[in-house]
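In what follows, a structure is listed as structure tokens, so that the remarks can point back to it.
The values are calculated or read from the model by the stated rules, or taken from the named source; none is laboratory data. The structure presented is a predicted model; accordingly, all values stated were derived computationally and were not measured. Note: ideal-geometry Cβ built from the backbone for every residue, glycine included; neighbour counts use all protein chains shown.
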Amino acid sequence: MTAAMNAKTIITTCPYCGVGCGILATVDDAIAHKVTIQGDPDHPSNFGKLCSKGSALGDTVSMENRLLHPEVDGIPCDWNTALDTVADSLTSVIRQYGPDSVAFYVSGQLLTEDYYVVNKFMKGFIGSANIDTNSRLCMSSAVTGFKRAFGADAVPCSYEDLEAAELIVLTGSNTAWCHPVVFQRILRAKENNPALKIVVIDPRQTATCDSADLHLAIKPGMDSLLFNGLLAYLAQTDALDNDYIAAHTQDFEWALQSARNTAGSIEAVAQDCGLSSADVEKFYGWYANTAKTVTVYSQGVNQSASGSDKCNAIINCHLATGRIGKPGMGPFSFTGQPNAMGGREVGGLANTLAAHMELDNPEHIDRVARFWQTDRIATRPGLKAVELFDAIDAGTVKAVWIIATNPVVTLPDADKVKNALKRCDLVIVSDCIKNTDTVDLAHVRLPAAGWSEKNGTVTNMERRISRQRPLFPFSGSARPDWWIVSQVAARMGFKHAFAYRSCADIFREHAALSGFENNREDQPRDFDISAFGDLTEDAYDLLQPVQWPVTKKNPNGTARLFTDGKFYTASQKARFIAIRPRPPVNKPDPNYPFTLNTGRLRDQWHTMTRTGLSAKLNAHKPEPFVEIHPLDASRHNLQAHDLATISSLWGNMIARVVITENQQPGSLFVPMHWTAQLTSRGRVGALVNPVVDPHSGQPESKQTPAAITPYRALWYAMLLSRSPLVPGDIEYRVTIKGDAFTRYELADRTPFPSWRDWLRSLSGEPNTPHCLEYSDPERGIYRSALIIDDRLEVCLFVSSTPPLPETGWLESLFAQPQINKEERLRLLSALPPEGQEDCGRLVCSCFNVGEKSIAKAVREFNLANTEQIGQRLSAGTGCGSCLPELKRFLPKQ
Amino acid sequence: MKQKLVVIGNGMAGMRTVEALIESAPGLYDITVFGAEPYGNYNRILLTPVLFGEKRIDDIMIHDFAWYRKHHITLHCGPDKTVIDVDRNRRCVIAKDGTEALYDRLLIATGSLPLILPIPGRNTEGVMSFREIADVEAMIAKSRSKRHAIVLGGGLLGLEAANGLKQRGMHVTVINRADHLLNRQLDNEAGDLLKLQLESKGLHFKLGCTIENIISQNGHIAEVELSDGSFLPADLLIMATGIKPNIELAKTIGLDCEQGIVVDDTLQTSDSSIYSVGECVQHRGELFGLVAPVYEQAKVCARQLSHRSNSRYQSLLPATRLKVTGIDLFSAGDFNGGEQCEQIVFKDPALHIYKKLVIKNRRIAGIVLYGDTGDSAWYLDCLKNRTDISPYRDCLIFGRPPLPVAA
């Protein structure tokens, strides 16, 4: 901490993606939860940079929608009552039905300490491994891939390797939007080293592709084939590192044979992947000729019924070329959550034990039991996420405790999950948010501390452990998850094992376990932070970001694994896995002719419980949408701005149509974020097929056969209101929180008797003189605005046909304490008076720059590159996440 | 020798014609004017401000006596100079007091008379119309000593009178047979808005009813009985139920008359030496009550009289631009709409603004603007030119698009 720094500036870590950016949070007002967020220039993951989401964290720490007190059956109560209820209920269920009748479903959002305690409680003391985590949905295939290849869940690389690389292959990763700060590091590396090539493999033309030297718009799900083809090509072109293969690997022949059998010719691979042979050959050639290659893979690879195989197909190529454990090389799995890695370390998955030990290894089980001093430890793997909710649905699991996650939105076949929870005897949910689709179904609600209040550690995707530190005292009765779980454990008779006084206590125990009996030269365990086993409270508070392993021998951590060519398998050699590529399980058919792909957006996080509170973050993509290729759109009678019903065998939803060539024909893309809190029919999880990878249990969230049809409403409406309204039961409803207003997009197929009466009852303002109205019944148009004391309170735009007018200028009027007469008279036209400009849809969240302003500046000042746009408008000079989008405003070269 | 032009009627229509004539053809005629009121030509529209006390009689004179002298116009004015006959054979105009004037061309501009409904008791003291300076003087006198004024008629004139009397401190009730005000100029909605706005200024209204009976006491009006059976105290009753063309003289002398003096597009009557303009004429079946078409007639007639033009009077679109008690109003075309008509409406009750455009076949067919008439000229152009408004329909009512609207 520099001397000049205000005493109230706290160094902490971002709670969103796996990049794990360091943050300097300056508390401006602890009571009002006002905080200024900056990147920590000293943090080795981000060096001061933050993305749009991280930068807007200050908007998300308000008391809005916070769960502040425990509730049992909807009635607020004190902690003793709630904890007794939970302990007594779990005890009674376990007594009657056994330990496997309870389950935990937890989260990569938990801090390592919380995660450790809940795992210890479940696996060590309740005695069941029915604890799984939302990381199952995100990177369990990557875990399987690493474990199969390396004998341990060990990510070999560091971010530095991206900077040292000369070829970066980004496969199944929209890095630009999902890991923006690392993507900016890649872009800077490319600036510094023009020889660095970037290849993007993605069915979609994403923002990441804008910076790529080569984009392979692969047919959905064909990654294994492409990488098998690469392995065959490497062998054929003598690009293998035969010495490495011989010295440090096993089973190469099997893998190569399988690669040759399935992907022996570039032409066949190209055809099956929907690519041109020339592009495939170019990629293979670059790979063969570039030693310093990093392959980054993420959900596009993992979220697949053959996700593990895809990971191993990628790893195979790195092993075959010896490109691992050296600077600028390696297979690099990008995780989606802030502590997905921490979760892996504590054994958050149903098939793993703490400290990277395994539930299928009796020696490990014995060791952990001795360490925990328990005779109740689980001895076999538990139910993985999808199976777990199936078991709840089937009634074999009677009680579930969900912590810091929202499975009713994020799991595949999400309506089934919802119904399963509805019929479950006991649903306990710990969350910091009062209303989520999952919390709404809970019998017991436990108020957890939020990001700004929690204390502990997280591990990012380069194995870097960083501290998250509290900015504010706990709100209301909120408590850390480790405390809640420990209290319940104590009440169930395990007080001796859960007598933690602080999170440092837990961290020390976690660290000690990682070093416990971890000294066998022939069988070391990768996860070892034993150096922290006796960390003092002060040292814990001051803990600097560090990459594990951190041992007495290596007290400063380890940037890169496998530098000695030794792996964690029994033979200490890396294993090749023979891969037989498999297409997605469910194939499109005439009824469901599209492949539905899901994914993240730049400015939203998961189920929007926090990012959805930030007006700025809602502005980029305010509504759930479906992307479709122009040919498909015209074939299915869809126009831009239409609404469409998207359906699969499992469920359906309504979304706004976005027609774009970024989407390949035959594919649809829908973002994953929207919930029933914010939309009536916007949950894409309801459509996703509940098909899982047989090895990892990870769902195939990116390939579901789906159909799309126009949703022709009788009316479409856009409602803006200064105070939130309850528009009622409307078929299509989206709630968008804005700056000083809430926006509702509405549509329905039943006629409305009277808009005027509806608006009056909705706004509680019966006094019509305050109401401006515009109507053109022939066009089905009704518009109204409520203005009180020259302040705009509500405005409503209805039309029988989309699109409704653009809202930018109208939204800006809510920021004004008063509107003038000219604005008032133009209001219902939605067209700003001359001289007042609508800046258009938000592009740059950091500096609030809209597309119209950018287009105008580019036109008027003949701007030729993003730097010039930045100089003129500041756009793109903050987090840089919008740089790919800015490029699209520049004149075509 | 100069030709002689005689004008019967010293009002706005006749004198506008004379003014235009002496401007375009000075000295062409010897001009003689007969007027039944003892004044020069005054602006009848401004009688309301006189009633308010905002203006004096002098302020509303368009042409005072000096002007007639300056232009060598012989003016015979006053009740004695009321023209009682025209000898078309001799081409001679004869006034009540025997004054005669010969003409080569005669212009009849006798205007209109208030329509007095045949209500029992209508001749009682305290019942009057609102038409001339004398009426205004009488109204002002009454307002000084009396409390209750009744105005029969919710048209423009009635509302002006009501407002004036209210300003003069009287308790005023307007009675109108139609159920909304200004029913010839406004649709229901705008009429209702006007009523609300005027009520907030302290006027009272009884709509959808008429006066059945005028009850007097000591020869002076005391009460009116309404068609709904109610009674209202009344010290003054202004009859403002409309006007009728003043065609007595024209009929007497045998000109073709229907409801008005029938004129052709050159404003000529059935006698080729006699012209007629103003509220007394009937042109292609249409009668007149507003100043704009009347002035247009004056312009055409002056050109005809100067032999220098083949200009023709064409019916203006029935567009009404009004300022009632300070409220801007505009209406034109088929503003009530009807079969196959669509309506685009904007309302801002707090600002007292209401706009309606009647659309038929993608074109503006009718316009009502209340409170904000800024775009009336543009809408009227669109209406006249039959402009297809579909490309900017959704912003039409918000005014002329600032930019060329691309499809």
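Please go through the range A:285-304 and give me each residue that is surrounded by fewer than 24 Cβ atoms within 10 Å (Cβ to Cβ), assigned to a helix (DSSP H, G or I) and among the hydrophobic types (A, V, I, L, M, F, W, C), ordered by number.
A:W286, A:A288
Can you tell which of B:S227, B:S273 is on the phi < 0 side of the Ramachandran plot, among the polar types (S, T, N, Q), surrounded by fewer than 18 Cβ atoms within 10 Å (Cβ to Cβ) and in contact (Cβ under 8 Å) with a residue 24 or more places away in the chain?
Values: B:S227 fails: in contact (Cβ under 8 Å) with a residue 24 or more places away in the chain.
B:S273 is the lone residue from the list that is on the phi < 0 side of the Ramachandran plot, among the polar types (S, T, N, Q), surrounded by fewer than 18 Cβ atoms within 10 Å (Cβ to Cβ) and in contact (Cβ under 8 Å) with a residue 24 or more places away in the chain.
Can you tell me which of A:I75, A:I131 is hydrophobic (A, V, I, L, M, F, W, C), surrounded by fewer than 24 Cβ atoms within 10 Å (Cβ to Cβ) and modelled with pLDDT of 95 or more?
From the options A:I75, A:I131, the qualifying one is A:I75.
So which strands (runs of 3 or more DSSP E) are wholly in the range A:746-850 and hold at least 2 residues that are more than 27 Å from A:R872 (Cα to Cα) and among the aliphatic types (A, V, I, L, M)?
Details: elements: A:771-776, A:781-788, A:791-799, A:842-844.
Counting at least 2 such residues, we get A:781-788, A:791-799.
Might you let me know whether the range A:107-127 holds any residue that is among the aromatic types (F, W, Y), within 19 Å of the chain's Cα centre (by Cα) and assigned to a helix (DSSP H, G or I)?
Kept after step one, since they are among the aromatic types (F, W, Y), are these residues of the range A:107-127: A:115-116, A:121, A:125.
Of the ones still in play, those that are also within 19 Å of the chain's Cα centre (by Cα) are A:115.
Imposing the further condition that a residue be assigned to a helix (DSSP H, G or I) reduces the set to A:115.
Yes, the range A:107-127 contains at least one residue that is among the aromatic types (F, W, Y), within 19 Å of the chain's Cα centre (by Cα) and assigned to a helix (DSSP H, G or I).
Under the condition of being away from chain B (no Cβ under 12 Å) and touching a Phe, Trp or Tyr at 6+ places or on another chain (Cβ under 9 Å), which residue from the range A:814-834 is farthest from A:W755 (Cα to Cα)?
Looking at the filtered set, the residue picked out is A:A815.
Determine which single condition B:A350 fails, assuming it passes every other condition in (1) within 14 Å of another protein chain (Cβ to nearest Cβ); (2) out of contact with any Asp or Glu (no Cβ under 8 Å at 6 or more places or on another chain); (3) at pLDDT 90 or above.
Here B:A350 clears every test but (3).
Identify, from the list A:P727, A:P710, A:P753, the residue that is without any contact (Cβ under 8 Å) to a residue 24 or more places away in the chain and either within 14 Å of another protein chain (Cβ to nearest Cβ) or of a type outside the set (V, I, T) (or both).
Residue meeting the stated conditions: A:P753.
Outside any helix (DSSP H, G or I) and over 17 Å from A:S173 (Cβ atoms): is that true of A:A239 in this structure?
yes
One line per residue, one yes/no per condition, for (1) more than 30 Å from A:T60 (Cα to Cα); (2) in a helix (DSSP H, G or I); (3) outside the structural domain of A:G145 (by TED's automatic domain parsing):
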site	(1), (2), (3)
A:L535	yes, no, yes
A:L543	no, no, yes
A:N556	yes, no, yes
A:P583	yes, no, yes
A:K587	yes, no, yes
A:G612	no, yes, yes
A:K621	no, no, yes
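Looking at the range B:332-340, can you tell me whether even one residue there is within 14 Å of chain A (Cβ to nearest Cβ), surrounded by fewer than 19 Cβ atoms within 10 Å (Cβ to Cβ) and among the charged types (D, E, K, R)?
So far as the range B:332-340 goes, yes, one or more of its residues are within 14 Å of chain A (Cβ to nearest Cβ), surrounded by fewer than 19 Cβ atoms within 10 Å (Cβ to Cβ) and among the charged types (D, E, K, R).
Determine which member of the set A:K282, A:K310 is at pLDDT 95 or above, surrounded by fewer than 24 Cβ atoms within 10 Å (Cβ to Cβ) and either among the basic types (K, R) or in contact with a helix residue (DSSP H, G or I) (Cβ under 7 Å, 6 or more places away or on another chain) (or both).
Being at pLDDT 95 or above, surrounded by fewer than 24 Cβ atoms within 10 Å (Cβ to Cβ) and either among the basic types (K, R) or in contact with a helix residue (DSSP H, G or I) (Cβ under 7 Å, 6 or more places away or on another chain) (or both) holds for just one of A:K282, A:K310, which is A:K282.
Name the strands (runs of 3 or more DSSP E) wholly within the range A:442-491 that hold at least 1 residues that are surrounded by fewer than 24 Cβ atoms within 10 Å (Cβ to Cβ)? Outline the logic, then answer.
Details: elements: A:444-447, A:456-459, A:464-468.
In the range A:442-491, the matching strands (runs of 3 or more DSSP E) lie at A:444-447, A:464-468.
Taking A:A857, is it closer than 21 Å to A:G878 by Cβ and either within 11 Å of chain B (Cβ to nearest Cβ) or part of a loop (DSSP other than H, G, I, E, B) (or both)?
Taking the combined requirement at face value, the residue does not satisfy it.
Can you spot a residue in the range A:633-652 that is surrounded by 23 or more Cβ atoms within 10 Å (Cβ to Cβ), part of a helix (DSSP H, G or I), in contact with a Pro (Cβ under 9 Å, 6 or more places away or on another chain) and modelled with pLDDT of 95 or more?
no
Can you tell me which residue within the range B:230-246, out of those that are among the hydrophobic types (A, V, I, L, M, F, W, C) and in contact with an Asp or Glu (Cβ under 9 Å, 6 or more places away or on another chain), is surrounded by the fewest Cβ atoms within 10 Å (Cβ to Cβ)?
Ranking the candidates gives B:F231 first.
Yes or no: the range A:779-801 includes at least one residue that is within 12 Å of chain B (Cβ to nearest Cβ), of a type in the set (D, E) and without any contact (Cβ under 8 Å) to a residue 60 or more places away in the chain.
Within the range A:779-801, one or more residues are within 12 Å of chain B (Cβ to nearest Cβ), of a type in the set (D, E) and without any contact (Cβ under 8 Å) to a residue 60 or more places away in the chain.
Residues A:I365, A:I428: which one is β-branched (V, I, T) and in contact (Cβ under 8 Å) with a residue 24 or more places away in the chain?
Selected residue: A:I428, the only one of A:I365, A:I428 that is β-branched (V, I, T) and in contact (Cβ under 8 Å) with a residue 24 or more places away in the chain.
How many residues does the range B:110-152 hold that are farther than 14 Å from B:L165 by Cα, in a loop (DSSP other than H, G, I, E, B) and not acidic (D, E)?
Result for the range B:110-152: 13.
Would you check if B:T320 is buried (at least 17 other Cβ atoms within 10 Å of the Cβ) and within 14 Å of chain A (Cβ to nearest Cβ)?
no
Looking at (1) assigned to a helix (DSSP H, G or I); (2) of a type in the set (F, W, Y); (3) touching a Leu at 6+ places or on another chain (Cβ under 8 Å), which one does A:F332 not meet, given that it meets all the others?
(1)
So which residues in the range A:761-778 are under 30 Å from B:N361 (Cβ atoms) and either more than 9 Å from chain B (Cβ to nearest Cβ) or crowded, with 20+ Cβ neighbours inside 10 Å (or both)?
A:L772, A:E773, A:Y774, A:S775, A:D776
Whether any residue in the range B:166-177 is under 22 Å from B:R131 (Cα atoms), buried (at least 22 other Cβ atoms within 10 Å of the Cβ), at pLDDT below 90 and not acidic (D, E) is what I want to check.
There is no residue in the range B:166-177 that is under 22 Å from B:R131 (Cα atoms), buried (at least 22 other Cβ atoms within 10 Å of the Cβ), at pLDDT below 90 and not acidic (D, E).
Against the conditions (1) under 24 Å from A:R681 (Cβ atoms); (2) in contact with a Pro (Cβ under 7 Å, 6 or more places away or on another chain), where does A:E745 fall short? Just the number, please.
Here A:E745 meets the rest and fails (2).
Which members of the range B:376-397 meet the condition of being touching a Leu at 6+ places or on another chain (Cβ under 9 Å), within 14 Å of another protein chain (Cβ to nearest Cβ) and at pLDDT below 90?
Within the range B:376-397, B:C395 is the sole residue that qualifies.
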